[in-house]
1. Residue by residue through segment 71-80, which ³J(HN,Hα) values in whole Hz follow from phi under the Karplus form 6.51 cos²θ - 1.76 cosθ + 1.60 (θ = phi - 60°), with glycine and proline marked x?
2. Net charge within 15 Å of Asn17 by Cβ-Cβ distance, Lys/Arg positive one each and Asp/Glu negative one each, not counting Asn17 itself?
3. Given Gln29, Ser82, Pro52, which one lies farthest toward the positive end of the charge dipole of the chain, if we put +1 on the Cβ of every Lys and Arg and -1 on the Cβ of every Asp and Glu?
4. Roughly how big is segment 3-63's charge dipole about its Cα centre, with Cβ charges of +1 (Lys, Arg) and -1 (Asp, Glu), in debye to the nearest 20?
5. When the chain is fully extended, how far beyond the present Cα-Cα distance does Ile27 get from His42, taking 0.36 nm per residue of separation?
6. Multiplying the sequence separation of Lys80 and Thr11 by 0.36 nm and subtracting their Cα-Cα distance, what value in nm do you get?
7. Ignoring everything but the protein chains, give the 1.4 Å probe accessible area of Leu56 in square angstrom, nearest 10.
8. Taking amide H positions as placed in the peptide plane 1.01 Å from N, state which residues far from Leu48 in sequence (5 or more) or on other chains have amide H under 5 Å from it.
Amino acid sequence: MDTLSMYYFTTLARVLNFTKAAQELFISQQNLSQHIKKLEEHYKAPLLYRKPVLKLTPVGEVVYHSFLMILKEEENAFKKVS
């Protein structure tokens, strides 16, 4: 897992739409889907309910909030060394 996948997932979790998230990230929907699939394989659980509408699973909620904290800390570390 890497911070790029974390960033992709948090963007998707925020907008809850694969098309909009991919557009915002300037990547293909297929690329975004691959990152999400890898995260779901890593956690051995689905992170999103895809039907009837896209929303986070309980595991997805935990991962989302954890990723937000991790990404914030990474941003803080970058600012300190820049």
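The values are calculated or read from the model by the stated rules, or taken from the named source; none is laboratory data. Here the structure is a predicted model, which means the values were calculated and not measured. All Cβ positions, glycine included, derive from the backbone under ideal geometry; neighbour counts span all protein chains shown. Quick note on the areas: whole protein, heavy atoms, side chains included, nothing else; ligands and nucleic acids left out. Shrake-Rupley method; radii C 1.70, N 1.55, O 1.52, S 1.80 Å.
1. 5, 5, 5, 5, 5, 4, 4, 4, 4, 5
2. Once positives and negatives cancel, what remains is +4.
3. The listed residue farthest towards the positive side: Pro52.
4. Roughly 160 debye for segment 3-63.
5. 3.2 nm
6. Contour length minus the Cα-Cα distance gives 22.4 nm.
7. 30
8. Hits under the 5 Å cutoff: Thr57.
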